[in-house]
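Worksheet: one structure, shown below.
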Amino acid sequence: MLLKPTIMKKLMPVWLLLVSHISLCQNWDVASIPESMKKGANVVEREESQVLDIKSINKAYFRSHEVYTILNENGKDRLRIVEVTDPFHSLEDISVKLYDSTGKLLKKYNKKDMQYFFAGDGLITDTKYNYVSLQATDFPVTIEYNSEMLYKGSLQYPSYLLQSPEQSLIHGEYEVSVPVDLDIRYKNLNSDIKPEIKTEDNIKKYKWVANMMPALKYEEMAVSEESRYPMILIVPNKFVLDGEEGDMRTWKAFGKWYGGLAKPTLNLDEEKKAFFKNLVKDAKTDREKAAIIYHYLQENFRYVSIQLGIGGFRPFPALVTDKNKYGDCKALSNYTQASLDAVGIKSYQALINAGQNKKAIDPAIPHNEFNHVILCVPNNKDTFWLECTSNTNDFGVLGSFTENRYALLITDDGGEIVRTPKSSAQENTLSTKSTVTLSPEGEATALINVSTSGEYKSFQITKEKKDYQKMILIHYFGFPQPDFFEITNGNEKGQYNINMEIEKLPSIITNGKMFLDPRMYRVWNTVLPTAENRTQDVYLSNPFVRTDTTVYKLPDGYKPETLPAAMNLKVKSGEFVTQYSFDDAKGELISVCKLVLKNHVIPAAEYAEMKSFFDTVANEYNAKIVIKNEE
């Protein structure tokens with residue numbers, strides 16, 4: 001039923017009436033945007049007003065008013081407006097208006113126009129993505145957006161992100177009102193904007209104002225975007241979630257809250273405890289026992305994403321996980337902890353912000369920015385870490401998803417910030433040995449043995465579909481397109497064999513000569529972004545050692561006429577070595593190559609050198625081996 005305008009006006013929140021009045025008085029013609037705000041920008045944030053109104057420990061409203069102009073197609077992602085809801089976050093209201101470049105209103109949208117999908121890649125979730133996709137084919141366009149979200153208790157409040165890449169800001173405000181006895185904490189990240197603070201009637205108010213901030217340059221492959229752009233981090237002191245009250249003023253207190261959620265779920269029965277004791281009865285050390293249990297879990301349990309429970313925090317009981325033979329990161333880490341406890345091995349769960357190139361937790365201000373749980377086993381001086389969701393990681397290997405960052409260790413006394421280990425290049429290896437038999441017509445059969453460790457071991461190509469396998473062979477390894485191939489597992493985990501047939505391997509066959517690539521596996525084929533005016537550090541996924549040995553079995557009568565020059569190139573963070581030889585007695589031409597990346601985060605000051613290094617590595621592959629029929 002449609003309400004009459006007079007009734008609607010009475011029901012409309014005062015804040016929404018205010019921003020509606022403001023918008024009517026504004027001119028959203030793109031011509032009114034200062035040129036300094038357009039320079040280097042895909043999006044101009046013209047007017048932004050965000051209010052976090054904290055009513056009590058378990059209730060807050062977040063109200064947002066934004067007007068932004070998308071200048072070109074590069075900013076079209078902002079045509080989709082998304083609000084995430086779950087049992088603790090409810091979307092109360094939303095309105096969206098779309099204007100053309102002259103400020104003419106094209107279309108209105110409201111809450112009923114929104115679509116949704118459920119988050120997560122697993123079995124169960126109660127997190128919903130609500131979205132509306134605006135239709136625009138011509139740019140610039142301007143979007144006016146108002147929303148209100150109800151927080152029914154939360155571990156984290158929305159922080160104020162002033163700018164994202166290639167987005168300028170003309171005027172922005174962020175205001176927090178909070179009862180004095182609750183208060184908040186805040187921290188400036190890449191920003192020096194100070195708040196105006198005042199107290200009225202036991203309500204403390206913080207207000208940040210920003211004006212005329214030019215667009216920040218986007219640089220490819222830069223270290224964690226969240227760490228580079230200006231933001232005001234807003235953090236609660238006390239919180240309550242689904243009736244579970246906690247204190248976040250110290251890491252110890254926050255860890256005690258999470259430990260209280262998890263402890264009751266460590267509930268294996270005596271029969272299962274006896275099973276694990278029997279499983280490790282022949283092991284001599286705690287590390288051996290833990291490895292046996294870890295491998296048992298890898299073979300018998302699987303990971304699914306389950307986002308139910310207290311904000312996705314409380315794990316399923318160990319008995320439930322045992323029965324189902326699946327669980328999310330919380331449940332599997334919890335189950336592993338219970339299993340180790342059954343055989344007398346102490347371990348601790350650890351909360352971490354996981355993902356490649358993710359923002360590191362700031363240890364200086366206790367807050368919740370965690371999305372994953374792993375397990376730490378102190379084991380005297382031989383501490384090791386377990387990624388309990390992986391069916392491929394070696395025992396004690398975390399990988400780039402969680403290594404070398406801060407984690408909150410949940411001990412018996414509460415939380416403690418610790419750092420996860422960093423892998424070395426030698427722990428992440430990918431080695432190939434190719435034996436290639438050439439016919440006088442240039443046909444080739446190849447047997448390629450691949451051996452991996454660390455980060456590369458999780459790459460299970462044998463389980464992929466045939467088309468995807470072929471894509472990996474060509475685009476990842478750089479192999480020539482095969483006319484036939486078959487991939488099988490090797491003798492050990494992380495090893496596999498590739499049988500390949502290629503109708504014509506040489507790039508050129510002429511006058512009794514064949515031109516061959518230096519090796520079968522192209523150890524580097526990534527084109528790095530320009531080094532000119534680089535200001536941000538560069539992120540590569542992990543340090544590594546990649547090696548290749550290619551043995552070309554030449555047709556009878558063929559010998560090498562030209563071999564590429566051997567190389568021995570070293571820079572601060574890398575090393576590249578090649579050599580070529582010919583065994584006349586066996587008719588075998590041998591190419592050996594080694595590429596080492598010692599540090600996967602390259603400081604901006606060193607990037608020009610590293611860019612030149614990798615360009616040299618890539619270009620070296622263009623040199624050809626020339627073999628000639630001398631009969």
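Readers should treat all values here as calculations from the given coordinates under stated rules, not as data from a laboratory. Worth saying up front: this structure is predicted, and the values here are computed from it rather than measured. Neighbour counts run over all protein chains shown; Cβ positions are idealised from the backbone, glycine included.
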If amide H atoms are built 1.01 Å from N in the plane of the peptide, which residues on other chains or at least 5 residues away come under 5 Å of the amide H of residue 372? 352, 354
Going by amide H atoms built from the backbone, whose H comes under 5 Å of the H on residue 92, apart from near neighbours? 148, 149, 150
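Sort the following peptides by mean Cβ neighbour count (other Cβ atoms within 10 Å, averaged over residues), highest first: 623-631, 229-237, 559-567.
Those peptides, ordered most packed to least, come out 229-237, 623-631, 559-567.
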Between the stretch 400-424 and the stretch 438-474, what is the separation of their alpha carbon centroids in Å? 35 Å
Suppose a student asked you for the relative contact order of the chain, using Cα pairs under 8 Å spaced at least 6 residues apart; what percent would you report? 10 percent
For the stretch 478-495, just list the computed ³J(HN,Hα) in residue order, Karplus coefficients 6.51, -1.76 and 1.60, θ = phi - 60°, integers in Hz, with x standing in for Gly and Pro. x, 5, x, 5, x, 8, 8, 8, 8, 10, 10, 6, x, 6, 10, 4, x, 10
For the stretch 425-629, what is the relative contact order in percent, using Cα pairs closer than 8 Å and at least 6 residues apart in sequence? 25 percent
How much length, in nm to one decimal, is gained on full extension between residue 85 and residue 304, taken as 0.36 nm per residue of separation minus their Cα-Cα distance? 76.8 nm
Please list, by residue number, every one of the GluC sites (Glu not before Pro) in the stretch 474-521 that is coil in DSSP and has at most 16 other beta-carbon atoms within 10 Å. 492, 503
Which loop-located trypsin sites (Lys or Arg not before Pro) does the stretch 464-532 contain, where loop means any DSSP state but H, G, I, E or B and the Cβ has at most 16 other Cβ atoms within 10 Å? 465, 493, 504
Quick check: the distance between the Cα centres of the stretch 37-62 and the stretch 542-618, to the nearest angstrom? 51 Å
Rg/Rh for the stretch 14-244 to two decimals, with Rh computed the Kirkwood way over all alpha-carbon pairs. 0.96
Any residue on another chain or 5+ positions along whose placed amide H is under 5 Å from the amide H of residue 561 is listed here as 626, 627, 628
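Just list whichever of 59/238; 38/358; 205/256 have alpha carbons separated by over 24 Å in the model shown. It would help to have the intermediate numbers written out before the result.
Details: 59/238 12 Å; 38/358 29 Å; 205/256 30 Å.
Pairs exceeding 24 Å: 38/358; 205/256.
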Using only the alpha-carbon atoms, what does the stretch 353-395 span along each of its principal axes? Please give whole angstrom values in decreasing order. 30, 26, 15
From phi via Karplus (6.51, -1.76, 1.60), per-residue ³J(HN,Hα) for the stretch 292-301 in Hz, x at Gly/Pro: 4, 5, 4, 5, 4, 5, 4, 7, 10, 10
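Only sites in a loop by DSSP and with at most 13 other Cβ atoms within 10 Å count here; which GluC sites (Glu not before Pro) in the stretch 183-252 make the cut? Let's see the in-between values first.
Numbers: sites: 196, 200, 219, 220, 225, 226, 244, 245; in loops: 219, 220.
Sparse-neighbourhood loop GluC sites (Glu not before Pro): 220.
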Cα to Cα, under 22 Å, and not fewer than 8 places away if on the same chain: which lysines meet these conditions relative to residue 289? 272, 273, 277, 281, 325, 330, 346, 381, 493
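Tell me the relative contact order for the stretch 250-419 as a rounded percent, counting alpha carbon contacts under 8 Å between residues six or more apart.
The normalised contact order for the stretch 250-419 reaches 29 percent.
Starting from the Kirkwood Rh over alpha-carbon pairs, what translational D in µm² s⁻¹ does the chain have by Stokes-Einstein at 37 °C and 0.692 mPa s? Walk me through the numbers before you get to the answer.
Working: Rh = 28.6 Å.
Reported coefficient: 115 µm²/s.
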For the stretch 250-419, what percent of Cα pairs sit more than 25 Å apart? 26 percent
Karplus (6.51, -1.76, 1.60) ³J(HN,Hα), θ = phi - 60°, over the stretch 394-404, in Hz, Gly and Pro reported as x: 5, 4, x, 10, 8, x, 5, 5, 9, 7, 6
